[in-house]
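The values are calculated or read from the model by the stated rules, or taken from the named source; none is laboratory data. None of these values were measured; they are calculated from a predicted model. Positions of Cβ are backbone-derived with ideal geometry, glycine not excepted, and every protein chain shown enters the neighbour counts.
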Amino acid sequence: MHGPFCRKKGIAIIYTVTFNPAIDCVMQVENLKFGHVNRALTQEFYFGGKGVNVSYVLSHLGRTSTAWGFVAGWTGAALEAALRQDGIPTNFVHLPQGNTRVNAKLKGTVSGSDDDAETAVNAGGAPIDDESLQRFFELLETVEQGDFVILSGGIPKGTPKDIYARIMEQLDGRGANVVVDATEEVLMQSLPHRPFLVKPNDEELAEITGCDPLDVAALEDGARMLQEKGARNVLVSRGGSGSLLLDATGRMQGAPAIKGTLVNSVGAGDSTVAGFVEGYLRGKEAGADEQAAYDKAYKLAQACGSATAFSPGLAPADMVNELLEQLES
């Protein structure tokens, strides 16, 4: 583990949790032929996982967060070192077996076609043993009132489906704000613990409720159902159709998608989560009331999600600021 930064009095600390981080090896390949040796034109490594992505976007916005989760082997050590080098504090639990997963992403044309495509091979995560899980739960003792704990993404095979709910149960009564970006059963089991924010997309919400993902009224009803079951804020991302926010004051609002050229959708949802948390904190730190803070959160969430979608990387600060100005004008 790497020690967390010192707490400043009255300042909320943000912790992002990634159970299954990854290193993506992205190669540009033209005229890809399956079953043959292919030569990559370029090769890049990206260190991620949903919670890690949130930490990166927060850092672009000038906010420090501590990345928690689980890493394993030499690939896990490389991922942790990369985050520290990029100025992101870490406190990962190191697993005794396996390696942090490496995903292969091949971008370019395939033999017989002129269209660009991406071929991805995603690996499974290292198993999380009971002792390592207990060490992670010990980290939760550092969480204090007003802090944010962001639980993002899937969990490795063999990890209990109620793990997010168990984390939230341990945090009950602390006054912490827990964000849950997960799907179906993992999301639903978290709701009795009143998460600060849940962020399903339209298809995920439709899977939970059985509604048509294109039916806005049905999505609004689904958001209300999640709130009735315990979620304080429900942000529904709808891709090119925009988004919906049901905030903790009971106000429902929608926004169209920001216009721009889609470059990369990977990490847009994580960027939206980071923007919402950062926007809310900016509002509260400026003395705004709850509704005004949620307005600022919603706009920054949109700007961050779109900035990632319109860029090769995660939410560059200059584009976030440009898009935010558009929304606030």
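Quick check on the range 235-245. Is at least one of its residues surrounded by fewer than 22 Cβ atoms within 10 Å (Cβ to Cβ), free of Cβ contacts under 8 Å to residues at least 12 places away in the same chain and out of contact with any Phe, Trp or Tyr (no Cβ under 6 Å at 6 or more places or on another chain)?
No, the range 235-245 contains no residue that is surrounded by fewer than 22 Cβ atoms within 10 Å (Cβ to Cβ), free of Cβ contacts under 8 Å to residues at least 12 places away in the same chain and out of contact with any Phe, Trp or Tyr (no Cβ under 6 Å at 6 or more places or on another chain).
Determine whether residue 301 is surrounded by fewer than 23 Cβ atoms within 10 Å (Cβ to Cβ) and either out of contact with any Lys or Arg (no Cβ under 7 Å at 6 or more places or on another chain) or of a type outside the set (Lys, Arg) (or both).
Taking the combined requirement at face value, the residue does not satisfy it.
Assuming residue 99 fulfils every condition listed in (1) touching a helix residue (DSSP H, G or I) at 6+ places or on another chain (Cβ under 6 Å); (2) under 30 Å from residue 63 (Cβ atoms) apart from one, which condition is it?
(2)
What is the number of the single condition among (1) at positive phi; (2) at pLDDT 95 or above; (3) of a type outside the set (Val, Ile, Thr) that residue 239 does not meet?
Tallying (1) at positive phi; (2) at pLDDT 95 or above; (3) of a type outside the set (Val, Ile, Thr), residue 239 fails exactly one: (2).
Within the range 190-217, which residues are in a helix (DSSP H, G or I), within 18 Å of residue 255 (Cβ to Cβ) and either among the basic types (Lys, Arg) or touching a residue at least 12 places away in the same chain (Cβ under 8 Å) (or both)?
Hits for the range 190-217 are 202, 205, 216.
If a residue must be surrounded by 17 or more Cβ atoms within 10 Å (Cβ to Cβ) and either assigned to a loop (DSSP other than H, G, I, E, B) or among the aromatic types (Phe, Trp, Tyr) (or both), how many such residues does the range 246-256 contain?
Here the count works out to 2.
Please go through the range 63-76 and give me each residue that is part of a helix (DSSP H, G or I) and of a type in the set (Gly, Ala, Ser), ordered by number.
73, 76
Out of the range 93-111, which residues are closer than 14 Å to residue 80 by Cα and part of a loop (DSSP other than H, G, I, E, B)?
Within the range 93-111, 99, 100 qualify.
Sort out which residues of the range 258-289 are assigned to a loop (DSSP other than H, G, I, E, B) and either farther than 16 Å from residue 314 by Cβ or out of contact with any strand residue (DSSP E or B) (no Cβ under 9 Å at 6 or more places or on another chain) (or both), and write them in order of number.
Correct list: 258, 259, 260, 261, 262, 263, 264, 265, 286, 287, 288, 289.
Give the residue that is nearest to the chain's Cα centre (by Cα), with candidates limited to residues of the range 218-231 that are surrounded by fewer than 18 Cβ atoms within 10 Å (Cβ to Cβ) and assigned to a loop (DSSP other than H, G, I, E, B).
My answer is 230.
Checking residue 50 against (1) touching a Gly at 6+ places or on another chain (Cβ under 8 Å); (2) modelled with pLDDT of 95 or more; (3) closer than 19 Å to residue 154 by Cα, which single condition isn't satisfied?
Of (1) touching a Gly at 6+ places or on another chain (Cβ under 8 Å); (2) modelled with pLDDT of 95 or more; (3) closer than 19 Å to residue 154 by Cα, only one is false for residue 50: (2).
Can you name the residue in the range 77-92 that is in a strand (DSSP E or B) and not β-branched (Val, Ile, Thr) and, of all such residues, is surrounded by the fewest Cβ atoms within 10 Å (Cβ to Cβ)?
Among those that are in a strand (DSSP E or B) and not β-branched (Val, Ile, Thr), it is 91.
Please enumerate the residues belonging to the range 35-63 that are basic (Lys, Arg) and closer than 15 Å to residue 89 by Cβ.
The answer is 63, and nothing else.
Quick check: anything in the range 317-326 assigned to a helix (DSSP H, G or I), aliphatic (A, V, I, L, M), in contact with a Lys or Arg (Cβ under 8 Å, 6 or more places away or on another chain) and crowded, with 18+ Cβ neighbours inside 10 Å?
Within the range 317-326, one or more residues are assigned to a helix (DSSP H, G or I), aliphatic (A, V, I, L, M), in contact with a Lys or Arg (Cβ under 8 Å, 6 or more places away or on another chain) and crowded, with 18+ Cβ neighbours inside 10 Å.
If you scan the range 21-62, which residues turn out to be part of a helix (DSSP H, G or I) and among the hydrophobic types (A, V, I, L, M, F, W, C)?
Correct list: 52, 54, 57, 58.
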